[in-house]
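The block underneath contains the structure these notes are about, expressed in structure tokens.
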Amino acid sequence: MTKLDVIVIGGGHAGCEAAWAAAKQGCSVVLCTLSSSTIASMPCNPAVGGTAKGQLVREIDALGGLMGLAIDATGIQFKVLNRSRGPAVWAPRAQADKQRYAAWVRAALKASPGITIVEGQVARLIVACGQVLGVALLDGSELRAKAVVVTTGTFLNGVVHVGDVARPAGRVGEPASEHLGEQLRKLGFRVGRLKTGTPPRLSKTSIDFDAGVRAGVFHVEHGDDPPTPLSFLTVNRLANSVSCWLLHSSDRAHEAVRANVSRSPLYNGTIRGIGPRYCPSFEDKVMRFPDRERHLLHLEPEGVDVDEIYVNGLSMSLPADVQAEVVASLPGLASARMIRPGYAVEYDFVQPTELRATLETRRFEGLFLAGQINGTSGYEEAAGQGLIAGINAGRQALGLEAVVIGRDAAYLGVMVDDLITQGCLEPYRLFTSRAEFRLLLRADNADLRLTELGRTAGVVDDERWDAFLSRRGRLEENTRRLQTTTFVLPSSSRVLAVDALKTQSVTLQSLQKAGIPLTPSVRPDVDFTTLETEVKYAGYLRRQDASVRRLAQAEHQRIPEEFCYRGLPGFSTEVVQRLEEVRPATLGQVRRIPGLTPAAVMLLSAHLSRAAHLKTEPAGADL
Amino acid sequence: MDFPDEGYHFIEPTEVSAALQALRARLARLVDGRARGQLVREGARIVIAGTPNAGKSSLFNALLGADRAIVSATPGTTRDLVSARLVLGDYVAELVDTAGLRESDDAVEQEGVRRAGQAMGHAHLVIVAIDGSRPVLPGDRAVLARAAGGRVVIAVTKADLPAAWPLEDVARDALAVSARTGAGVGDVITRVTGALHEGDASADHVLVTNQRHGALLAAALSHVEHALAHFEASGGALPEEFVAADVQLALGALDEVTGRRTPDGLLHEIFARFCIGK
């Protein structure tokens with residue numbers, strides 16, 4: 001049997017990026033999926049991006065990933081969130097045409113010469129001597145590879161709940177994978193249980209949107225004009241082809257929930273898994289916040305030619321008849337037809353403290369985990385991990401050194417470090433507030449932060465690299481022009497254009513209109529934000545840069561993975577236990593372990609320096 | 001900023017200044033507590049200064065004799081400074097006598113003056129001794145001028161001899177003291193103890209005794225001051241993510257003190273109190 005470089009288990013957003021990134025490096029890749037028709041499907045909301053997630057998509061794109069390109073090619077409404085704030089926190093988001101999105105990704109994977117898609121269920125991993133060797137499929141066949149990336153999403157011992165009906169399933173209509181979950185437990189991984197949910201879908205043709213708008217219960221939400229792309233490579237003008245609608249829930253709908261809440265598996269004790277607090281079910285919203293008279297809901301089309309509306313904000317696991325009653329009691333939806341009820345899904349996840357920053361397990365060499373199996377939620381979070389796992393699985397198969405992205409470089413780094421350092425108590429979602437350096441980790445500069453790294457790692461192709469070089473050239477040239485061109489103020493005094501731009505009310509667009517000669521190639525959609533932010537907020541960016549440098553020493557002080565914490569004087573059993581669980585790779589990571597006091601960190605730092613002194617190996621041996 | 005669609009506004013722009021000012025005041029109190037914490041940890045340094053023959057050494061001995069809680073006396077630790085430790089109220093104090101300075105020649109005198117000056121510079125409190133039995137000398141005025149600005153207690157010595165001038169000539173709150181009879185020594189101790197505890201009542205109840213913590217609190221304070229200055233300079237137009245950036249740096253410094261990381265705690269608080277999310 002020929003030995004593959006990388007096997008990816010699962011064709012969700014993590015699996016797709018992992019396979020893509022490994023193949024980009026020239027690896028031979030097999031992607032195992034239950035059915036190729038569900039590759040890159042969006043089982044929950046029909047959207048990509050948003051706060052922190054939009055930045056993440058740009059980062060995935062900057063590293064040669066699929067998500068940004070896919071959403072730009074198939075998005076049906078584009079909107080930058082946080083426009084009322086400064087450009088440093090703008091977050092691009094797009095509504096997706098679900099079917100076209102999935103079809104686009106599927107086509108890209110199929111067109112990739114390194115990727116073979118294998119339909120079938122993986123029964124178990126083949127492991128020996130602390131190393132992963134391949135996978136065995138349910139039909140008895142085996143595949144061997146140097147690295148395996150597990151991206152099984154909600155499928156590990158998944159149980160779907162709709163009211164009093166619970167059945168094993170990864171998503172509605174798809175079988176759960178029970179064998180792999182059991183095997184991971186047996187192999188000693190710390191497995192926990194989480195829960196997530198999705199709202200009912202309504203028939204678009206059964207809703208009279210115009211009447212809702214006229215009655216004042218629906219508010220139309222349009223996309224931006226012009227739309228902003230999520231990929232740095234997109235140059236075609238994007239189009240907004242659909243509207244969304246905003247509405248508020250009513251007391252009648254809340255009453256329907258309250259009257260039937262004992263039939264919700266969330267409230268009668270059936271569901272034990274922990275759900276995300278930031279994405280509460282409608283039951284939770286009604287029961288936990290009884291003072292709120294109404295809750296915000298959005299009606300979002302799942303595609304252009306699809307008769308399906310996603311009710312954002314109405315995630316429920318009540319019985320189908322109650323869900324129908326709740327929907328019918330919402331303003332403007334009295335005659336709406338429910339196509340599918342919402343549901344809750346419980347699934348196993350592996351505590352990500354098991355992982356290195358490359359997303360490789362410490363337990364088995366060559367075994368990587370990415371996506372919801374690590375306790376995260378969200379397509380973007382999954383895709384980002386898939387990318388990192390794919391890059392590193394590929395590099396390991398090729399015998400190359402691992403790539404680790406820091407918290408100061410990307411939300412990708414923030415996410416991975418949070419996961420491997422803190423572990424998960426609830427489904428993990430990225431927030432901009434999780435980043436220490438929010439002003440540095442912007443959507444507009446993701447390529448400047450990461451594309452060079454991606455080029456070195458072999459995942460940025462010539463097309464993207466050329467586009468990046470020309471953008472960097474444009475930014476440099478236009479910065480030079482701003483620094484050397486004088487600008488006449490209304491008061492007829494002359495200032496440098498760059499100084500004029502520092503004024504809050506002056507924009508690059510207004511300077512260009514006033515005759516500042518920017519290069520003709522400059523792109524308002526991506527370049528203006530970068531140029532303006534770097535000029536207007538230079539002082540703040542410098543301060544954050546200085547903080548990064550101050551912390552760099554701890555971030556770079558490495559701790560050997562086999563470092564023995566036991567018997568070190570001054571540490572409690574509890575602290576030793578935490579350290580052994582996380583096995584931090586750097587002193588910086590130690591500082592972020594919950595429950596570790598600064599005194600313990602300093603003590604460890606002292607122990608480390610002494611251990612380094614006692615070492616008699618020649619200096620630089622472990623660099 | 002993470003939930004732009006939810007319709008929550010956690011802080012109105014008009015409230016930002018007031019919130020930052022309150023934060024600054026709280027941090028400033030903690031930073032002040034750092035000085036008090038240092039007093040507790042390292043002890044107060046009290047220096048007796050004055051011209052030669054002003055009665056410094058006699059006063060030094062009288063102060064020690066009057067205080068029965070002498071911890072140790074180590075005369076002659078340096079050639080020209082003599083110090084002893086005693087308890088004054090809540091603090092352990094080190095009493096330093098700049099005696100031993102003799103005018104043998106100019107160079108030595110200059111060196112002595114330099115060291116005495118240095119000792120005064122590092123003192124938490126200076127007792128200026130002035131001989132009340134002879135006219136006030138320019139040197140007395142110089143020592144007084146030097147001590148001004150810090151905490152000062154003026155002791156007019158040799159009160160058992162006829163006074164050469166009224167106390168008020170030098171300062172209204174000068175104390176008359178006689179090392180020989182012991183008269184007024186208790187007053188000096190009461191005054192010194194009171195001066196060391198000055199401001200304790202209004203100070204923060206949190207005492208910062210760790211030097212590293214003090215530095216981190218000072219850093220947090222400077223970040224808040226930066227936020228406030230820039231927000232007010234912009235007339236309230238500075239987008240909130242920049243205020244948040246400074247506040248986050250301040251929080252980072254405080255986290256270094258407490259060992260806690262805030263993002264998760266903050267998010268927990270928000271999710272518990274507000275119905276957020278789709």
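Figures for the structure shown
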| read-out | value |
| --- | --- |
| Among the candidates A:119, A:59, residue that is out of contact with any Gly (no Cβ under 8 Å at 6 or more places or on another chain) and away from chain B (no Cβ under 14 Å) | A:119 |
| Region A:508-524, subset at pLDDT 90 or above and among the β-branched types (Val, Ile, Thr), residue nearest to residue A:483 (Cα to Cα) | A:519 |
| 2 or more residues open to solvent by 30 Å² or more (accessible area, probe 1.4 Å): qualifying strands (runs of 3 or more DSSP E) within region A:258-372 | A:338-340 |
| Residue list for region A:414-470, restricted to those being part of a loop (DSSP other than H, G, I, E, B), small (Gly, Ala, Ser) and over 27 Å from residue A:398 (Cα atoms) | A:423, A:435, A:443 |
| Given (1) within 30 Å of residue B:13 (Cβ to Cβ); (2) more than 14 Å from chain B (Cβ to nearest Cβ); (3) open to solvent by 10 Å² or more (accessible area, probe 1.4 Å), index of the condition residue A:78 fails | (3) |
| Which numbered condition residue A:90 fails, given (1) within 14 Å of chain B (Cβ to nearest Cβ); (2) closer than 25 Å to residue A:5 by Cα | (2) |
| Subset of region A:305-331 (residues that are at pLDDT 95 or above and of a type in the set (Val, Ile, Thr)) | A:309, A:311, A:322, A:326, A:327 |
| Meets criteria (more than 8 Å from every other protein chain (Cβ to nearest Cβ), assigned to a helix (DSSP H, G or I) and modelled with pLDDT under 85) for residue B:204 | no |
| Residues within region A:136-155 that are open to solvent by less than 10 Å² (accessible area, probe 1.4 Å) and basic (Lys, Arg), tallied | 0 |
| Scope region B:213-261; condition of a type in the set (S, T, N, Q) and within 9 Å of chain A (Cβ to nearest Cβ); matching residues | B:234, B:248, B:258 |
| Residue that is nearest to the other protein chains (Cβ to nearest Cβ) [pool: residues in region A:309-341 that are over 20 Å from residue A:260 (Cα atoms) and among the polar types (S, T, N, Q)] | A:312 |
| Some residue of region A:463-474 being open to solvent by 40 Å² or more (accessible area, probe 1.4 Å), free of Cβ contacts under 8 Å to residues at least 12 places away in the same chain and closer than 20 Å to residue A:72 by Cβ | yes |
| Of residues in region B:262-278 being open to solvent by 30 Å² or more (accessible area, probe 1.4 Å) and within 7 Å of another protein chain (Cβ to nearest Cβ), the one modelled with the highest pLDDT | B:266 |
| Qualifying residue in region B:71-85 (condition: within 14 Å of another protein chain (Cβ to nearest Cβ), modelled with pLDDT under 85, more than 23 Å from the chain's Cα centre (by Cα) and surrounded by fewer than 20 Cβ atoms within 10 Å (Cβ to Cβ)) | no |
| Failed criterion for residue A:66 (all others in (1) buried (at least 24 other Cβ atoms within 10 Å of the Cβ); (2) touching a Gly at 6+ places or on another chain (Cβ under 9 Å); (3) among the aliphatic types (A, V, I, L, M) hold) | (2) |
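Per-residue answers, yes or no, for (1) closer than 30 Å to residue B:241 by Cα; (2) touching a strand residue (DSSP E or B) at 6+ places or on another chain (Cβ under 7 Å):
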| residue | (1), (2) |
| --- | --- |
| A:49 | yes, yes |
| A:57 | yes, yes |
| A:75 | yes, yes |
| A:84 | yes, no |
| A:89 | yes, no |
| A:92 | yes, yes |
| A:98 | no, no |
| A:118 | no, yes |
| A:151 | no, yes |
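Matching residues to (1) more than 28 Å from residue A:587 (Cα to Cα); (2) in contact with a strand residue (DSSP E or B) (Cβ under 9 Å, 6 or more places away or on another chain); (3) within 14 Å of chain B (Cβ to nearest Cβ):
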site	(1), (2), (3)
A:411	no, no, yes
A:417	no, no, yes
A:433	no, no, yes
A:444	yes, no, yes
A:450	no, no, no
A:458	yes, no, no
A:461	yes, no, no
A:475	yes, no, no
A:489	yes, yes, no
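The values are calculated or read from the model by the stated rules, or taken from the named source; none is laboratory data. Since the model is a prediction, treat every value here as computed from it, not as a measurement. All Cβ positions, even for glycine, are placed from backbone atoms using ideal geometry, and neighbour counts span all protein chains on display. Note: accessible area is taken over every heavy atom of the protein model, side chains too, but ligands, DNA and RNA are not part of it. Shrake-Rupley method; radii C 1.70, N 1.55, O 1.52, S 1.80 Å.
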